[in-house]
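Comments concern the structure below.
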Amino acid sequence: MNAQLPLLFDRQSSNSAPDTLALQSWGAAQRVFVSSLISSMPEERAAAREAIQAVGALPVMFEHELGAQDITAEAAYLDGVRQSGIYVGVFGPRYGVRTPTGRSATHDELKEAERLGLRLCLFTVGYGTPSMDGDQRDLVDGLRNLYTTSAFSDASGLKEKLHRRLSDLAAEELLPWVRIGRVLIRASNVTEAAGTYGITAIVYDRTILAELKRMGEERSQVPYANHLEAGDAQIEQVATSVTNSAFTEVTIKLQLRKPQQSGLGRMAINGIKPDEIIVASLSDGLFGTSHLPRGTLGMVRPANPLEELSSAGVPDRALRSIGRLLFGEFLMRGEHATTIERFDLGPVQEGVRRLVATWTPPRRHSNAPDLSPVTLDGSVRLG
């Protein structure tokens with residue numbers, strides 16, 4: 001799989017934005033928790049609500065969606081975080097009343113969002129002013145050391161910046177990345193018929209363009225992966241169209257040859273189930289554990305499908321999409337999975353990220369029952 005050469009990543013293509021229809025489709029599946037002081041930030045909360053609804057998502061807010069429950073307010077707040085996939089924190093000058101945890105409700109919500117690995121959208125107003133509470137200054141200072149926070153001056157500015165941030169999150173999931181040989185590009189369109197793929201992409205990087213042309217001229221056989229399939233591909237044609245000096249539109253035609261089903265990926269070793277073996281292998285490779293049973297040593301090694309991310313210089317805005325691609329490629333090539341249901345890579349916490357992945361193993365026989373999904377959960381260090 002060209003392991004001796006680093007991956008080539010088209011950095012500028014990671015800035016591509018989805019169209020309005022795609023953005024709304026993405027938003028329809030999102031629950032976005034809004035965290036801030038309620039009494040002192042009504043205009044900001046209304047602006048956040050409008051920005052979330054503008055992308056078709058559901059804002060989860062105490063005064064609207066979380067009221068009238070027979071549990072404490074603190075429990076309702078945290079339950080709202082747990083039911084969401086995105087956390088929006090709006091931090092002003094006031095820290096807020098402390099809960100039984102010793103922290104404010106907003107601080108508790110942030111800690112829960114971090115624990116769960118939610119995507120974070122963090123905004124500050126009034127930072128550094130003499131009127132800011134000392135505890136709030138400490139909280140925001142800590143956030144600024146860990147994450148990229150965005151300052152705003154008024155409610156309309158918050159609405160604009162949150163809408164942009166949500167659009168960026170949507171773009172990470174909606175525009176498919178593909179691997180062709182050692183090249184990672186974001187495809188604007190992927191078609192398939194009887195194993196023949198047509199891939200259209202806007203390429204900004206001239207080194208990547210040259211590599212694609214070389215593969216086309218040599219009709220190379222290379223590794224290929226998209227978010228659904230992986231295998232070896234025969235490059236049949238690479239065509240280019242130039243209408244702007246800043247980028248080139250590339251159309252690639254290739255024939256995918258899926259890995260031969262040898263069955264080795266579904267074999268038990270010394271009575272240890274294959275799914276237990278692959279989870280242990282990934283845990284040891286990604287998380288640094290020592291879970292591989294003694295009876296498998298020498299036959300199975302620790303596996304880290306994300307190892308190449310560091311050498312490719314992939315920025316955070318593309319890290320999850322490309323990580324999912326490489327993770328899925330590893331599992332599907334090894335006959336360990338048919339689909340990847342979940343790949344959540346959380347924000348950096350003390351140098352590591354929480355990774356939660358779920359996949360469905362293939363059936364041993366066509367008439368066998370569907371197998372239960374397998375889940376991997378741990379802390380991974382990238383770079």
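The numbers here are math on the coordinates, done by the rules we state, and not lab data. None of the values given here were measured: they were computed from a predicted structure. Cβ: placed from backbone, ideal geometry, glycine included. Neighbour counts: every protein chain shown.
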field: Single residue of region 316-334 satisfying the filter (out of contact with any strand residue (DSSP E or B) (no Cβ under 7 Å at 6 or more places or on another chain) and more than 14 Å from Ala171 (Cα to Cα)) that is surrounded by the fewest Cβ atoms within 10 Å (Cβ to Cβ)
entry: Gly334
- request: Residues being closer than 25 Å to Leu355 by Cα and in contact with a Phe, Trp or Tyr (Cβ under 8 Å, 6 or more places away or on another chain): count how many of those fall in region 84-122.
  value: 16
message: Show me the strands (runs of 3 or more DSSP E) found entirely inside region 5-109 where at least 2 residues are among the small types (Gly, Ala, Ser) and either under 24 Å from Ser156 (Cα atoms) or out of contact with any His (no Cβ under 8 Å at 6 or more places or on another chain) (or both).
response: none
message: Restricting to region 221-240, give me the number of residues that are under 25 Å from Gly334 (Cα atoms), among the polar types (S, T, N, Q) and surrounded by fewer than 17 Cβ atoms within 10 Å (Cβ to Cβ).
response: 2
message: I'd like to check something: does region 152-170 contain any residue that is of a type in the set (A, V, I, L, M, F, W, C), free of Cβ contacts under 8 Å to residues at least 60 places away in the same chain and under 30 Å from Phe327 (Cβ atoms)?
response: no
- prompt: Looking at Val88, Val125, Val97, which one is free of Cβ contacts under 8 Å to residues at least 12 places away in the same chain, β-branched (Val, Ile, Thr) and in contact with a helix residue (DSSP H, G or I) (Cβ under 8 Å, 6 or more places away or on another chain)?
  reply: Val97
